[in-house]
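The numbers here are math on the coordinates, done by the rules we state, and not lab data. Values in this document were obtained by computation on a predicted structure and should not be read as measured data. In this analysis, Cβ positions are derived from the backbone assuming ideal geometry, glycine residues included, and neighbour counts consider all displayed protein chains.
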Amino acid sequence: MDTPLTYLFVPGDRPERFAKAVASGAGAVIIDLEDAVAPDAKDRARVEVGDFVEAHAELAERLVVRINDAATAWFARDLELLQATKLRFAMLPKTESPEEIALVLRALPGGGGVLPLIETALGVRDVDRIAAAEGVLRLAFGTLDYAVDLGLSGDERGLDYAASRIAIASRCAGLPTPIAGVTPAINDEARLLDDLESARALGFGAKMCIHPRQVAAIHQAWQPTAAEVDWARRVLAAAAGAKGAIVVDGRMVDRPVLRKAQAIADRAKRGQA
């Protein structure tokens, strides 16, 4: 899988929404067998997911299935689904150890991978081991469940420590930047963008979405301004032919400045793709 900017959830028992989710423009679609599906609907959801995946092999690089966590009674059946359909990517909720990841990875075909959701205190405590586990594609932060696990008050500052740990673990393991949690307020774009900006400030480079309208807003907000792009292009152009010190807009261009310019250029290019 590439490194999408947006990951859109769709309930696994609502097959009429699968194609709409794919058409939303999201970089990846997460078909959910966990929280979005009631216990008595999980068997039917597995059938629906299996049928859709089998019929749309061309979507293999964009589909993720969020299975149920390893402590549930549904975990084993979810692994059977992964094996039967040859799904390539799975999201594992409440990941707390590399051993859980290994179980999921064995159910996936060669070249598949796991997106561990860090949602508990134990997951944060062992996030370095989780990030370094074989088959991990990218970490994700399940902010809502994490807040419940720790009994947080609702003040967003309570998420900062765990978010920083996840971002640092990702960097140390050589993973892409992690995926930020969902914004439940579907009709509150200001809150969505505020959450996105907070996540970016902590080192996150993608976000999970629960509604298609959130996808377009995130993609637009992710784009650097015209002034930022212009500055980045001038810095990179100056650096390309330089043999000594470089000065752009009266400021010396050292390695951190050059890396910032390249990051802005990459963001602009990514948004055009």
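Okay, here's what the table says:
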read-out: ³J(HN,Hα), Karplus 6.51/-1.76/1.60, whole Hz, each residue of region 256-265, x for Gly, Pro; value: x, 5, 5, 5, 5, 4, 5, 5, 5, 4
read-out: FRET efficiency, Arg44 to Ala185 (Cβ-Cβ, R0 22 Å, nearest 0.05); value: 0.15
read-out: Gyration tensor verdict on region 226-272 (Cα atoms; rounded if a/c is under 1.5, prolate if a/b is larger than b/c, oblate otherwise); value: prolate
read-out: For peptides 248-261, 127-140, sequence by mean Cβ density within 10 Å, most packed first; value: 127-140, 248-261
read-out: Helix axis angle, 75-85 relative to the chain longest principal axis, alpha carbon, degrees; value: 80 degrees
read-out: Under the Karplus curve 6.51 cos²θ - 1.76 cosθ + 1.60, θ = phi - 60°, whole-Hz ³J(HN,Hα) for region 39-45, x wherever Gly or Pro sits; value: x, 7, 10, 5, 4, 5, 4
read-out: Highest to lowest packing among 65-72, 142-149, 193-200, 7-14, scored as the average C-beta count within 10 Å; value: 7-14, 65-72, 142-149, 193-200
read-out: Over the chain: helical MRE at 222 nm, DSSP H runs n ≥ 4 each giving -39500 (n - 2.57), nearest 500; value: -14000 deg cm²/dmol
read-out: More than 14 Å apart - percent of Cα-Cα pairs taken over region 202-251; value: 67 percent
read-out: FRET efficiency, 1/(1 + (r/R0)^6) with R0 41 Å, evaluated for Arg259 and Leu103 via beta carbons; value: 0.60
read-out: Relative contact order %, the chain, counting alpha carbon pairs below 8 Å whose residues are six or more apart; value: 14 percent
read-out: Over region 137-273, volume per residue of the alpha carbon convex hull, in Å³; value: 147 Å³
read-out: Eligible lysines near Lys260 by straight Cα distance, threshold 29 Å, same-chain separation 8 or greater; value: Lys207, Lys243, Lys269
read-out: For peptides 205-214, 44-53, 87-96, sequence by mean Cβ density within 10 Å, most packed first; value: 87-96, 205-214, 44-53
read-out: Label-to-label distance, nm, for residues given as Leu144 and Ala227 (7 Å Cα→Cβ offset); value: 3.7 nm
read-out: Calculated on alpha-carbon atoms, Rg and Dmax of region 175-217 in Å; value: 10.0, 32
read-out: Pair Glu54, Ala237: separation of 7 Å Cα→Cβ label points (nm); value: 5.6 nm
read-out: Long-range Cα-Cα pairs in region 6-222 (distance over 21 Å), rounded percent; value: 51 percent
read-out: Mean-position separation - Cα centroids, region 104-173 and region 52-79, in angstrom; value: 19 Å
read-out: Cβ-defined net charge surrounding Ser170, 15 Å radius [Lys, Arg +1; Asp, Glu -1]; value: +4
